[in-house]
Each structure stands twice: as structure tokens, then as C-alpha cells.
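What follows is one structure encoded as C-alpha cells, with my remarks underneath.
The numbers here are math on the coordinates, done by the rules we state, and not lab data. The shown structure was predicted, so the numbers you read here are calculated from the model rather than taken from an experiment. Neighbour counts are summed over all protein chains in view; Cβ atoms, including those assigned to glycine, are modelled from backbone coordinates with ideal geometry.
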Amino acid sequence: MSGWLVMLGMVMTGQVSGGPQRLLLQEDFNGPPAVLTGRQANSGQVWRSQTARWSTGGLQTGLAFGQRHTAGGGWRDRGAARWMGNVIDLGQSLQSTTFVFGVDLQQGIGVLESCAALESADGVESLTLIWTGRRLKCGGNTWSGELDMGIAEGNVRVEVIVCLDGVVPARSTATMRYIQLDDPDNHGSFDLGNPRNPDRNGSGSFEFSRVALHVLKGGEARFGFDNVALQDDVQQVDALRVVPVSRKYLLLDHRLVAQTDNCALRVGRVVKHPQNPLFGEEHEWESRFDNLYPNVLYDQEAQCYKIWYFTWTYDPATTDVPRDQRQPGTYMQVRRESGKGLREGLGYAVSQDGIHWEKPLMTVSPWKGQPSNLVAQPCHGAGIFKDLRERDPARRYKMFHKGQGMAARFSADGIRWGQYVPLPEVDAAGDTHNNALWSPELKKYVGFTRLWRDGKRVVGRTESPDFVYWTKAVEVLSDRRAAQPYSMPVIRYAGLYLGLPAILRAEEDRTHTELAWSADTVHWHRVEAGTPLIANAAQPGAYDWGTVYASYPIIQEDGIRIYYGAGNAQHFDWRDGSLCLATLRPDGFAGYDPQRAGQPARLRTIPLEVAGPLQLTADAAGGAVVVRVLDSKDTVLLTSESISADVTDQPVVWRDGGSLRPWLGQQVQLQIEWKSAKIFALKL
């Protein structure tokens with residue numbers, strides 16, 4: 001649990017001179033044990049600090065933090081933060097008052113659920129918030145209830161207001177409310193009613209003596225906990241509002257960069273897995289992996305990797321021609337002269353670790369009357385994803401593909417698919433790896449397919465509110481050179497849309513994969529156009545010498561997985577196809593290098609709002625990175641200690657014990673200077 005800052009705040013009135021106070025408990029998991037500090041809410045001035053006991057005269061509580069997350073091996077405990085179980089006594093028992101428990105939940109890629117729990121020291125009483133899909137659940141031995149949030153994605157602020165009656169505990173009440181931080185119009189609340197068994201600890205009041213924070217996460221889920229308020233009167237509880245939330249910035253987004261000196265934005269360095277290829281064409285119905293068009297995801301619910309991939313189930317030039325009779329360069333000629341058509345299917349496989357794959361034999365879509373791992377025939381260029389926001393379980397998995405024309409299909413399990421839904425209005429060729437995703441900013445599904453313009457391939461875009469009614473596809477990415485974008489799987493990550501266009505170099509008849517990004521799914525920017533993110537092998541005949549077609553990336557805590565379909569010969573020739581894997585360091589899609597090696601590089605950001613501590617992601621082993629914080633007059637507010645290691649979300653340490661806290665909610669500019677390093681991302 002590196003680089004997380006967790007804060008617990010309590011509003012106190014009339015106890016300390018100088019006006020209302022806000023007590024902040026801060027824990028930096030890369031720093032020393034937690035320190036309790038108090039500050040005046042109206043000035044931010046720190047007026048007292050201690051590490052042991054804090055007495056408010058009205059609250060007994062302590063804190064413990066832990067994390068659980070999913071990985072290839074299933075659920076596992078990452079262990080406790082360094083001070084878990086070291087209860088910090090904050091005073092006496094809690095009597096009649098209003099207690100506000102608040103948490104910020106962020107649902108990212110691959111997240112199954114996020115939750116926070118408030119529980120008693122003996123575990124008898126608990127209050128748990130769980131966000132899964134569109135449901136916000138409050139459960140436990142004390143209160144329970146469920147709130148339908150509608151469609152809520154991204155950051156959601158949740159609060160439970162507990163009004164405790166110390167005289168008659170059974171009259172205590174609780175209300176749960178939420179607001180979507182990036183869409184404040186989406187908000188709601190409901191009454192949790194009275195508690196059950198309100199006096200089980202025999203104290204005559206509720207003594208929540210431990211706050212436990214648990215994160216069930218995958219992908220880019222992040223969790224903040226920053227608001228426990230104590231009020232004498234429920235009328236004093238502030239209205240729920242959008243509060244600043246730390247966000248990640250990928251520096252490949254040129255909109256963040258105000259000025260550079262000796263900087264060059266370059267794609268990241270992928271590492272191809274030593275066990276490549278992971279699987280190949282091994283069954284009779286896998287005649288030819290024509291680009292494979294892989295769709296790989298890690299299913300948090302099933303705790304395994306899944307892939308759906310394209311195969312020609314019958315290709316006359318491959319199925320009917322023995323290897324020793326295949327003359328290089330004549331594949332397309334033989335296929336045309338055969339006079340026979342192609343047949344196509346959608347294969348399915350699973351893996352516990354993403355390396356060793358099993359192709360389960362089923363009767364869902366038999367091959368010549370026998371079980372196969374096919375789940376659909378015919379099916380061309382299908383893009384498949386698991387839609388966690390979908391209300392209807394029968395439509396949990398969605399397919400966007402080419403049938404007689406463009407089409408959609410739905411499935412509850414990704415194996416048994418419903419009827420084709422024709423999408424004639426898309427009006428696209430679709431002879432590519434079609435794919436789609438949900439855009440929370442647009443509140444629509446966005447699909448990517450193929451169009452043809454003047455005899456060349458281009459990427460087309462279409463959108464839909466319900467995955468059934470779509471717009472006419474329009475061109476969004478092309479290339480004026482001989483190179484042509486062949487396909488482009490897209491994901492949403494860190495507030496951007498990242499595309500992996502496969503580029504067909506027509507003169508060589510080979511393809512590699514590049515990197516592109518967009519803020520809105522419409523306007524796309526290629527990073528180092530012409531430079532591969534995943535390059536072909538240099539040796540002819542190697543497993544990916546001829547073709548590289550990527551799946552959408554899988555974002556994990558320890559790095560990024562990009563599975564791809566590989567071919568060992570030219571695109572329009574006989575070739576053996578396979579599934580392969582390339583990996584990137586976390587946030588390593590692209591970053592800034594010094595343009596002139598050995599000389600310092602400098603980058604200055606646009607004004608950014610301070611919503612939390614600054615964290616940096618960089619490869620700086622053997623080099624050095626220093627960050628300065630500037631105000632609107634270019635005054636240097638803070639200067640960091642040098643970073644000289646490869647770091648991910650590393651909290652920046654300021655010289656002379658400095659802190660960004662005085663500028664919370666304000667805008668500052670960052671000036672980053674480095675030598676012999678590469679800068680990828682920051683979080684603020």
C-alpha cells in the first residue's frame with residue numbers, strides 16, 4: 001500500500017480558543033507512524049501536534065488500516081499498515097451527538113467493488129459501505145440498507161450521518177447519501193432508520209473504537225477517507241458537496257504541459273514475455289489466426305483471465321494446402337483461385353495466471369458435431385467487454401462485431417450469446433477488430449470500427465446510449481502515408497482514452513502496434529507516430545516478425561499487460577498465429593526523456609489544483625529528479641528532495657519539512673527538472 005495518504009477529520013466547536021477546529025489524522029504509508037495534528041478550520045494554522053493521545057472529551061475511537069486486492073492468484077491479504085491495531089485513544093465514550101462518516105470511492109478499470117467499514121473494537125457492531133455497479137449498500141449489525149445510485153462512475157462521495165441518542169439509544173437514526181464528484185447532478189440519499197440491538201456493548205451509547213478501511217480492488221481503484229465529523233446538532237451538518245479529490249495525470253497529455261526544455265515525449269519500453277508465444281493454432285477449427293483480434297480481461301468475479309479471439313475455422317489456402325506446398329508470397333492467389341469461401345468463429349480460453357491457457361471444450365458451438373472452445377459461428381472481428389454498470393444480468397457481456405453488417409450481441413456469462421442485433425445505421429465495413437466501451441463523460445457507449453477512404457483503411461467511431469441504437473460511423477484516425485491504421489482497441493484510464501492502433505506498413509506488408517490518446521474519443525493524438533509501442537521482431541520467421549495486433553491493456557498494480565495476436569510472416573501470406581504478451585511498468589505508456597542525453601530536461605505544467613500530496617512516477621535510477629512548486633507569480637513555494645530511483649506514485653518529500661497543505665484547493669504550477677531519467681505521470 002505505497003504512497004497513500006489517509007486522513008480522518010473531526011469538526012470540534014467551542015473546545016479550543018480561536019474558533020471552530022478541524023482535527024486531522026494523517027497517515028503516509030511510506031513515512032513514519034501516524035501523527036495527530038489539529039488546525040483551525042478558518043486559517044489552516046497548526047496549533048498542536050502529538051503522536052499518542054488526543055482528548056476531545058466526547059469521542060472514543062481508534063484507527064486501523066489494511067488492504068485486500070485481487071491478483072492472478074486470487075484474494076490475498078497484503079498485510080497491515082505499520083500501525084494497524086495500535087489504537088489511538090481520543091477520549092471518552094461517544095454520547096448524544098451527530099457523527100458523519102464519509103468516504104470517497106473511485107471505481108476504475110476492472111474494479112469489482114470498493115468498500116469501507118466502520119466497526120467496533122470487538123467486531124460486534126459494524127457499519128459497511130459497499131459500492132458495486134449501480135448499488136450503494138450499507139450493511140452490518142447496526143444499520144443496513146441499499147440505495148440505487150442510477151449510473152454512477154468515477155469518483156463518488158458517500159456519507160453516513162449517524163444521529164446518536166445517548167439517553168435512548170434505540171431512537172438513534174442514520175441517513176446515507178452520495179454525490180458523484182464528476183457529475184454533481186447525480187446524487188441521492190435515504191433514511192437508514194433506527195439501529196437494531198443498539199446497546200450490545202452495554203455502554204448506553206455506541207462506542208465505535210476502531211475504524212477499519214478495506215479496499216477490494218483491481219486495476220486503478222483508489223480509495224480516500226477524509227471526513228468524520230462531530231456535530232452537536234444535525235442542522236449543523238454541511239450539505240454534501242464536491243470536495244477536491246487527488247487525480248492522476250499522465251504527462252503524455254500535452255494539455256498539461258505549459259513549457260518544456262530539452263524534452264522529448266517517447267513511448268514506453270515494453271518487455272515481451274519469455275514464454276511467448278502463449279498459445280497457437282492447435283485445433284482443427286483453428287485453421288488460421290487471422291490477426292487473432294484478442295479481447296483479454298481479468299475477471300475479478302471469476303478470479304481468472306479470459307480471452308475471446310478470432311479464427312478462420314476454414315481457410316482453403318491453409319486448411320487444404322499442406323505446408324510443404326505453400327510457396328511464400330502466393331497465399332492470396334491460392335485463396336482466390338480455390339473458389340471456396342472462408343468460415344469464421346470466435347474462440348474462448350481461460351487462465352489463472354495469464355500465461356498458461358486452457359481452451360475448454362464445450363457444446364455451445366460444436367465443430368462437426370463435437371465439442372469445441374468456439375462460442376460463436378460465424379463471428380468476425382468481435383470486440384467483447386464485461387459491462388459492470390449494466391443493470392440487466394443477461395446483458396453483462398457485450399459484443400460489437402461484424403455479422404451480415406455491423407451487429408451487437410449480449411451474454412450473461414460471455415459464453416452463451418443471444419441473437420444478433422443488426423446495426424445497419426453504423427454503416428461501416430467492420431472488417432477489423434471492432435471494439436466498444438462506456439464513456440462516463442459522454443454517458444454513451446463508443447464503438448471503433450473500420451471505414452475505407454480512397455482505398456485506404458481508417459478508424460471509424462460511432463456512439464450509442466444503449467448499445468442497440470448507434471450513430472453513423474465517422475472517421476477519427478487515418479494516416480496520409482503508405483501506413484494505414486488497421487484496428488484500434490481503446491480503454492479509458494486516468495481520465496484519458498488510450499488507443500493501440502495496429503499500423504499496416506503496406507509496402508512491407510507487416511504490422512506493428514503504436515500508441516494514441518484522446519480526451520473525448522473523437523480527437524486522437526498519436527505518440528511518436530511511426531514508432532512502435534510493440535515492435536516486430538527483427539529476425540524473419542520469429543513469432544511476431546510479421547504482425548502485431550493488440551488487445552486492450554489490462555492495468556494492474558504491478559504493471560500493464562498488453563496481450564497481442566502475433567504472426568510470424570507477412571500479413572497477406574501464409575503465417576502461424578499465436579497469442580503473446582508484452583508488459584509495461586505502471587503508467588509506462590509514454591514519458592518524457594531528455595532530448596539531448598546527459599543534459600538536464602525541464603518541464604513546467606499548467607496550473608493544477610492541489611487536492612492531495614504530490615506523487616511522482618518516473619524511472620530515475622542512475623539519474624535525479626527535482627520538483628519545484630510555483631505560484632502565479634513564479635515564486636518558488638517548495639523544492640523537493642532529489643529522487644534517484646525508479647518509483648511509482650512516490651510521495652514527493654519537500655525540503656525543510658515543507659508541505660502542500662497550505663495550498664489545498666488552490667492552483668499551483670509544477671516545474672520538474674531531471675537528468676538521466678524518464679518522467680511518466682504525477683498525482684496531485
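Residue by residue, the stretch 301-308 carries 3J(HN,Hα) couplings of 5, 8, 6, 7, 8, 9, 9, 10 Hz when phi is fed to the Karplus relation 6.51 cos²θ - 1.76 cosθ + 1.60 (θ = phi - 60°); x denotes Gly or Pro.
Reducing the stretch 436-454 and the stretch 350-396 to their Cα centroids gives an inter-centroid distance of 23 Å.
Look at the Cα gyration tensor of the stretch 339-468: its axes a ≥ b ≥ c give a/c of at least 1.5 with a/b at or below b/c, and that counts as oblate. Across the stretch 654-667, coupling constants 3J(HN,Hα) worked out from phi with the 6.51/-1.76/1.60 Karplus curve, θ = phi - 60°, read 8, 5, 6, x, x, 8, 7, 3, x, 10, 4, x, 9, 9 Hz, and Gly and Pro carry x. Hey, how many Å between the Cα centroid of the stretch 473-535 and the Cα centroid of the stretch 268-318? Here the two parts' Cα centres lie 21 Å apart. The simple Förster model, with R0 at 22 Å and r as the Cβ-Cβ distance, assigns Asp646 and Arg266 a FRET efficiency of 0.85. Residue-wise HN-Hα couplings along the stretch 376-391, as the Karplus relation 6.51 cos²θ - 1.76 cosθ + 1.60 with θ = phi - 60° gives them from phi, are 7, 8, x, 6, 10, x, 6, x, 10, 8, 9, 9, 6, 8, 5, 6 Hz; Gly and Pro carry x.
Computed over the stretch 320-374, the percent of Cα pairs more than 19 Å apart is 56. Let me check I've understood the local charge: for Val627, count other residues with C-beta under 12 angstrom from its C-beta, Lys and Arg +1, Asp and Glu -1. What total comes out? Value of the local net charge: +2. Taking amide H as placed 1.01 Å from N in the peptide plane, the amide H of Ala483 sits under 5 Å from that of Ala506, each at least 5 places away or on another chain. Between the alpha-carbon centres of the stretch 570-639 and the stretch 414-433 there is a gap of 38 Å. For the modelled label position 7 Å from the Cα of Ala258 along Cα-to-Cβ, which residues of the stretch 578-607 have backbone nitrogen atoms closer than 13 Å? Counting only backbone N, you get 603-607.
Near the amide H of Ser439, within less than 5 Å, lie the amide hydrogens of Lys444, Tyr445, Val446, all on another chain or at least 5 residues away, with H placed in the peptide plane. Suppose R0 equals 41 Å. What FRET efficiency, 1/(1 + (r/R0)^6) with r the Cβ-Cβ distance, do Gln599 and Asp299 give to the nearest 0.05? Plugging the Cβ-Cβ distance into 1/(1 + (r/R0)^6) gives 0.30. Residue separation of Gln404 and Ile606 scaled by 0.36 nm, minus their Cα-Cα distance, works out to 67.8 nm of gained length.
Shape analysis of the stretch 507-621 yields a ratio of the Cα radius of gyration to the Kirkwood radius, Rg/Rh, of 1.05.
Relative to the current alpha-carbon distance between Lys368 and Thr531, full extension at 0.36 nm per residue lengthens the span by 54.3 nm.
Take the Cα of Leu442, step 7 Å toward its Cβ, do the same at Ala538, and the gap between the two points is 4.1 nm. Give the calculated FRET efficiency between Asp320 and Gln377 to the nearest 0.05, with a Förster radius of 22 Å applied to their Cβ-Cβ distance. Calculated transfer efficiency: 0.70. Excluding Glu609 itself, what net charge comes from residues whose Cβ is under 13 Å from its Cβ, given Lys and Arg +1 and Asp and Glu -1? Surrounding charge for Glu609 is +2. This ranking places Phe279, Phe289 by how few other beta-carbon atoms lie within 10 Å of each, fewest first, which gives Phe279, Phe289. When a/c is below 1.5 the answer is rounded, else prolate if a/b is larger than b/c, else oblate, so apply that to the stretch 422-479 with a ≥ b ≥ c taken from the square roots of the Cα gyration tensor eigenvalues. Note, shape of the stretch 422-479 comes out prolate. Remark: spin-label model distance Arg389-Val350 equals 2.8 nm, labels positioned 7 Å along the Cα→Cβ axis. Rounded, prolate or oblate: which fits the stretch 576-684 when a ≥ b ≥ c are the square roots of the eigenvalues of the alpha-carbon gyration tensor, with rounded for a/c under 1.5 and prolate only if a/b beats b/c? Prolate shape, in that a/c is at least 1.5 and a/b is the bigger ratio. Net charge of the neighbourhood of Thr432, taken over other residues with C-beta under 12 Å away and scored Lys/Arg +1, Asp/Glu -1, is +1.
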